[in-house]
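This report concerns only the one structure given below.
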Amino acid sequence: MTYNKLNSLFGLACGLIATVVYIATVEKTVSWWDCGEFIACAYKLEVAHQPGAPLFLLIQNVFSNLAFGNTGQVAYWMNIGSAVCSGLTVTFLFWTITAIARKILKKPQQSAFSYYLQIFGAGAVGAMAFSFSDTFWYSAVESEVYAMSSLCTAVVFWAIFKWEARADQDGSDRWLIFIAFVMGLSIGVHLLNLLAIPAIAMVVYFKRTSEINYKGIIKAFLLGILVLAAILWGVIQWLISFASKIDLLFVNSFGLGFGTGILFLCLLFGVTIVYGLFYSHRKRKYTLNTALLVFCFILFGYSSYTMVLIRGKANPSLNNNAPDNVFSFLGYLGREQYTREPLVKGPYYDSKAVDVQSKTSYRKDESNYTAFTQVDKYAFDRETFFPRIYSQDENHQAYYRSYLKLKEGERPQFSDNFKFFFNFQLGEMYARYFLWNFVGRQNDKQGYGSYTEGNWLSGVKTLDNWRLGGQHHLSASQQHDPSRNTYFFLPLLLGIAGAIWLYKNNKPYTLVLTLLFVFTGIAIVVYLNQTPLQPRERDYAYAGSFYAFAIWIGLGTIALMRFFKRFLSNRYAMATGLSFALLGGPIILAHQNWDDHNRSEKSLARDVARNYLETCAPNAILFTYGDHDTFPLWYLQEVEGVRPDVRIVVLSYLTGDWYMQQAKKATYRAAGLPIAIPAEKTKKGIRDYIPFVDRQLNEAVDIQQLLQFVTSDDPDYKVQLNSGNLENYFPTKRVKLAINKAEILKKNAVPAYFQDAVVSTMEWEIPADHLSRSDLTLLSLLENNHWDRPIYFSNMLPSDIKLGLDKYLVNEGFASRLMPVAATSEQQASAGEMAALVNVEALYDNIMHKYNWGNTKNAKYLDTDSFRFSSMYARDIFGKTARLLLEKGQVKQAGEVAKKAYDQLPDRVYAMSDAINYVDIIDSLYRSGQGQLAGNVVDRNLDYVSQNMEYLHQLVLDKKNLGFEWNDMQLALDSVDRYRDILLEANDTKRLARVEGLRKQYQQWYGIE
């Protein structure tokens, strides 16, 4: 069999093995984070969050058809789509490694077997090691863009070596055109693929040049950077920006219809390119002809974004930024919804804004584009080059000071930028992720710099103990944690060996791979300029860098074979080297990573989304925050059609004029929000920001009067800002809403338990110093809803964006219902003020008859989001309900709720917070006569507390600069005290004795009473 056939066969075999593994471990339904949004948008070809991924959505829509109309299987088949893309990535990685190895290795005159074994062994080890690596495997089993993005990177990098092998043949440059087309397509998936361009430029240079020198290398590198910039900003941004200016001219100056300028520009571009192709062909200007073809095919690939414009014009229920015209489309591509991180010049975290710089933008109105002024950026009193510690967020500022060991009031210096860059951004936010994949991982908890969560770990106990401490006193939960993966440096060493071998044998290829590794790793770190306390780990962004390192791992197989050849015969050296490479690469990675990457038993995200919707009464309005309390809900409504009567409104999106107008629109069986504010009063650039100017009013203002005041165009109702512009303001933070109790009772707007607590007037204080469109929407809704539709707020919403309505929110489970009630003195006396604003009957009914918990009880592994939420629900859903039922004397119902928690929530303890979060459940089990079940939970939790406190105490001895670890110690101490009280009342003497022993031990350790 020829080399090409063997190469194709083995490459496809590696990809098939990876695909089978991914399908076996794929999540069966929707997952957390963006997956729910992508699945929903792909299923109905809607517009996802900026800057979009239209090609990804189109391809995933194809996979959704494999569900054959079974909407419950749509998410599964889209997850399969990612699995297939990931399997193909492994195939192309195999072919890339074999292409590099074949170029370097010289075919011997005789034994072709050892020659083939080295090449194909390298390909198999590198490709399969990458397939089982932590980050790539995680992305391979969920419907996210990163699997398909990795495939695009793999294809273009493989294609450049196909071009190199044929560069001296006629027509070989069609491979460069193919690469350009894939690059254009990849824009419709994710921009990460473009970062391979500098490495590709070096391959072209090394092949085309007759003499390699530093000057030529630098020129080729700069040309690669120029091409990258031309696509990243020129094609994607400036081309659309230029089109917007042409359309502005045609519409506003020539009086033509919207889009005529775009049509003219497209025709002009088309004619120019066709003429250029004809001219370059006739004049035999080969380079010009190829460059024009490359540009054409990039545009062809980029044309997947026409889907965004087409669907934006159709205005589906999910239509982010409403990109139905060139200016909104430009804002969509430019991610105007998100803040911009400073890269070259910016402030320190303690800098003060001294000036506001504005820019002129345009919006589409009835017959033309209207100019308006908006904030572009701020000028600060202290700015620095290469700003890394720039965030003005209070939590980030505290973290900066702590991380850099700056005292309160001590100002950061220029050098602190680099300290934070090298130690945190490069160290914590890249090197840590890199070592997760090729050295090992402590656990999958979110890492914030403590010794106990999210660190890299090797498995070499002496080294790990020196770095992290406490490794000789690990608890059973740590030792048996599925996400504790130790590779003993083996994949890393194999990759280093491959890099050294490649450097010795082919320095140009070393530079190519190094550029790919750096640009898909360190360059992203520089560009993202991430702040601390990220909401999730960001390792997925660097999969391309890990891909590059996997090539070195593959080449490390050849290095091992050559090494053993010094001591063994050729036959045994080949076998020994390949065996060691397989064990140190794909085998140890697959063995260690299987249990915490098998997501086939997970379904909590879907069930939690259903729980949110089932919390709501019929025809409700549900305000959510984003991510976990929004995207899975979108999936359920858009795909599975669950509770289409509930109108989901993302409160954080309502600051955009486009979303405020969309909220007025009906979706499925849910009517739009009754917002009476005319659209022209909240258009983009109008009332973006309404400041507070205190007029010292003695009484609260009715919301109807307030809305009339802040939406009035009368200059007397405005105030002059520093810019000189007259803008609306609001004169008081105290607002009120009159309540007609008879109407409330007639409409059953409050349950019977709260009917005596209905107030005659709702009065509250707006917490913020400005009003946004979100606030105006809430005020208008309160004015015009007349309690016809129930209004709910997700319990994940922060208080500062709920307009100060917290004291009128009644907890019913996953969401709180807005009711015109206040805790009566009798309710406060019997249950406490906070407890009085809980609808216990609704909570009990939801828990016992509506809520599901995603197989958390039996799943062998729960990811960090799932077990974090499970612990929260033990406290906030089950525990709170059981406690309130006990306080009302409903012991039987409290026991049923506690038993439900025992039957549904995980048996395993995942974190120290679990111990304290289960106290109400334990108490309810004891009080309801279920002492055996209560004892089981106590034993389980105390085992966890005692073992982990021994570990934490050892950390105190090993490490002197503990931080977040003290939180766990305090939780353990609080848990023991609470358990002591419960066990005393339950007269459980055996367990009480154990708790007293633990208390005595901790008193000795920490000197507490």
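The values are calculated or read from the model by the stated rules, or taken from the named source; none is laboratory data. These numbers come from a predicted model, not from an experiment. Every residue, glycine among them, receives a Cβ derived from its backbone with ideal geometry; neighbour counts consider all protein chains shown.
Exactly one residue among VAL251, VAL235, VAL227, VAL155 is farther than 26 Å from LEU55 by Cα and either basic (Lys, Arg) or outside any loop (DSSP other than H, G, I, E, B) (or both), and that residue is VAL251. Scanning the range 370-382 for residues that are at pLDDT 85 or above and β-branched (Val, Ile, Thr), we see that the one that is surrounded by the fewest Cβ atoms within 10 Å (Cβ to Cβ) is THR373.
Is at least one residue of the range 380-400 part of a loop (DSSP other than H, G, I, E, B), touching a strand residue (DSSP E or B) at 6+ places or on another chain (Cβ under 6 Å), within 18 Å of LEU533 (Cα to Cα) and touching a residue at least 40 places away in the same chain (Cβ under 8 Å)? Taking every residue of the range 380-400 in turn, at least one turns out to be part of a loop (DSSP other than H, G, I, E, B), touching a strand residue (DSSP E or B) at 6+ places or on another chain (Cβ under 6 Å), within 18 Å of LEU533 (Cα to Cα) and touching a residue at least 40 places away in the same chain (Cβ under 8 Å). Residues in the range 866-884 that are touching a helix residue (DSSP H, G or I) at 6+ places or on another chain (Cβ under 7 Å) and closer than 19 Å to ASN443 by Cα: SER866, PHE869, SER871. Applying the criterion of being basic (Lys, Arg) and under 22 Å from the mean Cα position of the chain (by Cα) to the residues of the range 600-650, the residue that is nearest to MET660 (Cα to Cα) is ARG610.
In the range 560-578, of all residues being in a loop (DSSP other than H, G, I, E, B) and among the basic types (Lys, Arg), the one that is surrounded by the most Cβ atoms within 10 Å (Cβ to Cβ) corresponds to LYS565. Take the conditions crowded, with 21+ Cβ neighbours inside 10 Å and without any contact (Cβ under 8 Å) to a residue 60 or more places away in the chain and apply them to SER928. Does it pass? Yes, satisfied.
One line per residue, one yes/no per condition, for (1) outside the structural domain of VAL182 (by TED's automatic domain parsing); (2) surrounded by fewer than 16 Cβ atoms within 10 Å (Cβ to Cβ):
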residue	(1), (2)
SER280	no, no
LEU293	no, no
GLY301	no, no
ALA314	yes, yes
PRO323	yes, no
GLY334	yes, no
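Scanning the range 865-892 for residues that are within 16 Å of LEU933 (Cβ to Cβ) and in contact with a Leu (Cβ under 7 Å, 6 or more places away or on another chain) gives a single hit, ALA874. Checking the range 348-369 against the condition returns no match, with no residue being within 29 Å of the chain's Cα centre (by Cα) and surrounded by fewer than 16 Cβ atoms within 10 Å (Cβ to Cβ). Within the range 770-813, the set of residues being surrounded by fewer than 18 Cβ atoms within 10 Å (Cβ to Cβ), over 21 Å from ASP702 (Cβ atoms) and in contact (Cβ under 8 Å) with a residue 60 or more places away in the chain comprises MET796, PRO798. Applying the criterion of being among the aliphatic types (A, V, I, L, M) and over 30 Å from LEU457 (Cβ atoms) to the residues of the range 110-137, the residue that is surrounded by the most Cβ atoms within 10 Å (Cβ to Cβ) is ILE119. The set of residues in the range 884-904 being surrounded by fewer than 23 Cβ atoms within 10 Å (Cβ to Cβ) and within 35 Å of the chain's Cα centre (by Cα) consists of LYS899, LYS900, TYR902, ASP903, GLN904. Among the numbered conditions (1) in contact (Cβ under 8 Å) with a residue 60 or more places away in the chain; (2) part of a helix (DSSP H, G or I), the only one that GLU142 does not meet is (2).
If you check LEU582 against the conditions, is it farther than 21 Å from ARG789 by Cβ, of a type outside the set (Val, Ile, Thr) and either surrounded by fewer than 22 Cβ atoms within 10 Å (Cβ to Cβ) or at pLDDT below 95 (or both)?
yes
I'm checking my understanding of the structure. Among residues of the range 445-500 that are without any contact (Cβ under 8 Å) to a residue 12 or more places away in the chain, part of a helix (DSSP H, G or I) and surrounded by fewer than 17 Cβ atoms within 10 Å (Cβ to Cβ), which one is farthest from the chain's Cα centre (by Cα)?
Let us first name the residues in the range 445-500 that are without any contact (Cβ under 8 Å) to a residue 12 or more places away in the chain, namely 461-464, 466, 471, 479-480.
If we keep only those that are part of a helix (DSSP H, G or I) as well, we get 461-464, 466, 471, 479.
Next, from what is left, pick out any that are surrounded by fewer than 17 Cβ atoms within 10 Å (Cβ to Cβ): 461-463, 466, 479.
Working: LYS461: 33, THR462: 35, LEU463: 32, TRP466: 33, GLN479: 28 Å.
Only one residue fits best here, namely THR462.
Working carefully through the options VAL189, VAL141, find the one that is farther than 23 Å from SER600 by Cα, under 21 Å from the mean Cα position of the chain (by Cα) and buried (at least 24 other Cβ atoms within 10 Å of the Cβ).
On inspection, the qualifying residue turns out to be VAL189.
Count of the range 501-519 residues, restricted to those that are outside any helix (DSSP H, G or I) and at pLDDT 95 or above, is 0. Selection within the range 708-756: residues that are part of a helix (DSSP H, G or I) and either touching a Ser or Thr at 6+ places or on another chain (Cβ under 6 Å) or basic (Lys, Arg) (or both). The member of this set that is surrounded by the fewest Cβ atoms within 10 Å (Cβ to Cβ) is LYS746. Return the residues of the range 936-988 that are over 15 Å from SER477 (Cβ atoms) and of a type in the set (Lys, Arg); say none if nothing qualifies. LYS959, LYS960, ARG978, ARG980, listed by residue number. Just so you know, in the range 676-700 the residues that are charged (D, E, K, R) and in a helix (DSSP H, G or I) include one that is farthest from PHE730 (Cα to Cα), and it is GLU680. Any residue that is in contact with a helix residue (DSSP H, G or I) (Cβ under 8 Å, 6 or more places away or on another chain) and closer than 23 Å to ASP365 by Cα - is there at least one of those in the range 213-235? No; the residues of the range 213-235 include none that is in contact with a helix residue (DSSP H, G or I) (Cβ under 8 Å, 6 or more places away or on another chain) and closer than 23 Å to ASP365 by Cα. When the residues of the range 12-36 are filtered to those that are among the aromatic types (Phe, Trp, Tyr) and touching an Asp or Glu at 6+ places or on another chain (Cβ under 7 Å), which remaining residue is surrounded by the fewest Cβ atoms within 10 Å (Cβ to Cβ)? By that ranking, first place goes to TRP33.
ASP168 meets the conditions (1) outside any helix (DSSP H, G or I); (2) within 21 Å of TYR542 (Cβ to Cβ) in every case but one. The failed one is (2). Any chance the range 192-204 includes a residue that's part of a loop (DSSP other than H, G, I, E, B) and modelled with pLDDT of 90 or more? No, there is no match, as no residue in the range 192-204 is part of a loop (DSSP other than H, G, I, E, B) and modelled with pLDDT of 90 or more.
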